[in-house]
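Asker: I'd like to ask some things about the structure below.
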Amino acid sequence: MESLRIICPNGHLGFAPTREESFRIGVAARPDCIAADSGSDDVGPIPLGSDTSTSPLAWQTHDLELMLLASRELRVPMIIGSSGDTGSNSRVDMYVRIIRELATKHRLAPFKLGYFYSEVDRELVRSRMRQGEKVAGLEGHADLVESELDATSRIVAMAGVHPFMRLLEQGADVVIGGRSSDSCVFAAPAIHHGFPESQAYYLGKVLECASFCAEPYGGKETVLGKVTHDAVEVTAMHPAQRCTVASVAGHAMYERSNPYYEHVAGGTLDMAECVYEQIADKTTRITGARFRAAEEFRVKLEGAGKVGERYVGMVGIRDPYTIGNVDAVIAWARDKVRERFGDSGYELHYTVYGRDGIMGALEPNRDRPAHELCILVQGVAPTADMAEELTMIGTRQMFYARLPEVKGSAGSVAFALDEVLRASPAYRWTLNHTLRCGDPLELFPTHIVTVDA
Amino acid sequence: MAKLSTLAKTIRSKNAGVDLITFDVIFTDKQTYERVKRAQVITRESVCALYRIPAARIADFVEFDPGNAIKFTIYRLRPSGSPGDPDIFGAQQYAPLLDIEVP
């Protein structure tokens, strides 16, 4: 095989619908594989912790339907990573169910459906820790301790290419993956077909966000990547987009702390010596990527834990004197919460829009607040009743805050809603760690079935 | 003098995983990129001063020649999406960079 061509229609399948015009152009180019990643930790810890999707079922189904029909028509594999935003087991099962339903709906000829899971049992992690295994913290996280593990609701491991390759070796026509590194969704078929890891992982790196590697800016458009034994070429499929040296090199930076390195289970892609060339109007060629195998096989773990039930309230302030003393208003309300619930056992957060609501302590202009403020109050507590009362006190008591020089004595804040609203429970990321594994497939059980509609 | 917002094609911030926010300042052409680099107005030190953070909050700082870009990454104090985090994607943290004056 001289080259392998893969199209990617969407950088986060389901999060916003795939744009169909460029997808059709991509399919007409007769690629060897259609692949997309469907998850991200960008969506915050709530979906993983509560085992839900942030993407609507209708959009997930829309994109899976486009890809499945094209894949069966061209008789080439379709590969999905990080199913349903989080890649948890329930999300994999949901995507498997959607694929089966679509096969029935369209009376598709029989095909092999492979899938794998990525969830990791908390007790497995605990037993490793008790055997002396270090669960190493990434990016400033301390190494894992059991109390943090206890606070964790759900854990997924980040797969590399291995479970995808296992399923492709077994002849899967459709692969539905649990949590996995974005680039591995694309690297796996390339390595499976004998292309060097260096080119394969770079192919994955450049394709993972679909048209984010093209210009002008436009998400959810299809791009086509071609891998050979010594280069990767990437081409925009949308008529108005191009993959340029600037757009492709620029994409190497996106969402990563360092533009030169990409870490996956099993090694690191080194892009420091990459050379970018414009070889056609819409196509850029990249050479010089290098993959280095890791000395120790470590798998990244993501975990989210529930903090509590949550309510939100909202108030406005227009009086300039009150704006100047907003911290005293908040302190007053916090005091009232403390009188009722004490100092701990709950969280109470005030976000002051118009002063430093978006940037907090990073805000250089926090001493120059706007002429009106909106304050979002969030109360988090073990029970919904407590969260509601806590948030109600923390919101309504701002109305009664007594400031020494205030002219308006009828109410210190304005209510658009004189109520507090129930929000999703609050979660937090508890695990951003790595665990050593003896076998790359250990945490990723694979299954293959024939779908015969 | 010119404001960075008039010289750069892209000025953005975004999560890089759950513990980091990364900032990209991307220029259309090599000349402008080199001008800003030479001016030393975006450095570890200037970023710390602008955002009023200690040097230890900077996780990475790269002048990325292939992309005509200056890129730096900071540690969050709490992971993204923790209760009270007002910018789950880290997407609106770049604004103070817009007004940097470049000689």
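Asker: Taking the condition of being within 29 Å of A:Tyr261 (Cβ to Cβ) and assigned to a loop (DSSP other than H, G, I, E, B), how many residues in the stretch A:165-183 meet it?
Answerer: Counting residues in the stretch A:165-183 that are within 29 Å of A:Tyr261 (Cβ to Cβ) and assigned to a loop (DSSP other than H, G, I, E, B) gives 4.
Asker: Working only within the stretch A:261-305, note down all residues that are in a strand (DSSP E or B), over 24 Å from A:Ala159 (Cα atoms) and touching a residue at least 40 places away in the same chain (Cβ under 8 Å).
Answerer: Within the stretch A:261-305, A:Ile279, A:Ala280, A:Thr283, A:Thr284, A:Arg285, A:Ile286, A:Thr287 meet the criteria.
Asker: Same structure again: In the stretch A:422-442, what residues are within 17 Å of A:Glu347 (Cα to Cα) and among the aliphatic types (A, V, I, L, M)?
Answerer: The answer is A:Ala423, A:Ala426.
Asker: Run down A:Gly87, A:Gly11, A:Gly49 and say which single residue is assigned to a loop (DSSP other than H, G, I, E, B) and within 15 Å of A:Glu302 (Cβ to Cβ).
Answerer: A:Gly87
Asker: Kindly establish whether A:Ala387 is small (Gly, Ala, Ser) and in contact with a Gly (Cβ under 9 Å, 6 or more places away or on another chain).
Answerer: So A:Ala387 passes the test.
Asker: Which one is farthest from A:Ile323 (Cα to Cα), of the residues in the stretch A:378-395 that are touching a helix residue (DSSP H, G or I) at 6+ places or on another chain (Cβ under 8 Å) and away from every other protein chain (no Cβ under 14 Å)?
Answerer: Checking each candidate, the answer is A:Met386.
Asker: May I pose another question? So, of the residues in the stretch B:85-102 that are within 13 Å of B:Val41 (Cα to Cα) and among the β-branched types (Val, Ile, Thr), which turns out to be nearest to the other protein chains (Cβ to nearest Cβ)?
Answerer: Among those residues, the one meeting the criterion is B:Ile100.
Asker: Has the stretch A:84-96 got at least one residue that is of a type in the set (Val, Ile, Thr), in contact (Cβ under 8 Å) with a residue 24 or more places away in the chain and away from every other protein chain (no Cβ under 14 Å)?
Answerer: yes
Asker: Considering each residue of the stretch A:419-438, count those that are more than 30 Å from A:Asp42 (Cβ to Cβ) and touching a Phe, Trp or Tyr at 6+ places or on another chain (Cβ under 9 Å), and give that number.
Answerer: 1
Asker: Residues in the stretch A:12-45 that are among the aliphatic types (A, V, I, L, M) and under 21 Å from A:Ala159 (Cα atoms): how many?
Answerer: 5
Asker: Cβ contacts < 7 Å: first residue within 14 Å of chain B (Cβ to nearest Cβ), restricted to the stretch A:231-258; second residue among the aromatic types (Phe, Trp, Tyr), any location; separation 6+ or different chain. Result?
Answerer: From the stretch A:231-258, the pairs are A:Val245/A:Tyr276; A:Val248/A:Tyr276; A:Ala249/A:Tyr276; A:His251/A:Phe212; A:Met253/B:Phe64; A:Tyr254/A:Phe212.
Asker: Look at A:Gly26 and say whether it is of a type outside the set (A, V, I, L, M), under 30 Å from A:Asp230 (Cα atoms) and part of a loop (DSSP other than H, G, I, E, B).
Answerer: no
Asker: Continuing with the same structure: Residue by residue through the stretch A:44-71, note down the ones that are away from chain B (no Cβ under 14 Å) and touching a strand residue (DSSP E or B) at 6+ places or on another chain (Cβ under 8 Å).
Answerer: Hits for the stretch A:44-71 are A:Asp51, A:Ser53, A:Ser55, A:Trp59, A:Gln60, A:Asp63, A:Leu64, A:Met67, A:Leu68, A:Ala70, A:Ser71.
Asker: Also, I was wondering about something else. Can you pull out every residue in the stretch B:5-17 that is outside any strand (DSSP E or B), farther than 29 Å from A:Gly137 by Cα and within 14 Å of another protein chain (Cβ to nearest Cβ)?
Answerer: Hits for the stretch B:5-17 are B:Ala8, B:Lys9.
Asker: Where residues in the stretch B:63-84 are more than 7 Å from chain A (Cβ to nearest Cβ) and among the β-branched types (Val, Ile, Thr), which of them is nearest to the chain's Cα centre (by Cα)?
Answerer: Step by step, filter the stretch B:63-84, then rank; the result is B:Ile70.
Asker: Which of the residues belonging to the stretch A:134-167 are exposed (fewer than 14 other Cβ atoms within 10 Å of the Cβ) and either within 19 Å of the chain's Cα centre (by Cα) or over 23 Å from B:Leu20 (Cβ atoms) (or both)?
Answerer: A:Glu146, A:Ser147, A:Asp150
Asker: Name the residues in the stretch A:352-401 that are part of a loop (DSSP other than H, G, I, E, B), at pLDDT 95 or above and of a type in the set (S, T, N, Q), would you?
Answerer: Hit for the stretch A:352-401 is A:Thr383, nothing else.
Asker: Could you list, in sequence order, all residues of the stretch B:22-37 that are at the interface with chain A (Cβ under 9 Å from one of its Cβ atoms) and more than 13 Å from B:Gly67 (Cα to Cα)?
Answerer: Listed by number, the list holds a single entry, B:Thr22.
Asker: Something else now. Specify which of the listed residues (A:Arg428, A:Arg422, A:Arg366, A:Arg436) is under 30 Å from A:Glu295 (Cα atoms), among the charged types (D, E, K, R) and surrounded by 13 or more Cβ atoms within 10 Å (Cβ to Cβ).
Answerer: A:Arg436
Asker: Can you tell me which residue among A:Val92, A:Val96 is under 22 Å from A:Asp42 (Cα atoms) and out of contact with any helix residue (DSSP H, G or I) (no Cβ under 6 Å at 6 or more places or on another chain)?
Answerer: When all the criteria are applied, what remains is A:Val92.
The values are calculated or read from the model by the stated rules, or taken from the named source; none is laboratory data. Quick caveat, the model's predicted, so the values are computed rather than measured. Every residue, glycine as well, gets a Cβ built from its backbone with ideal geometry; the counts of neighbours run over all protein chains shown.
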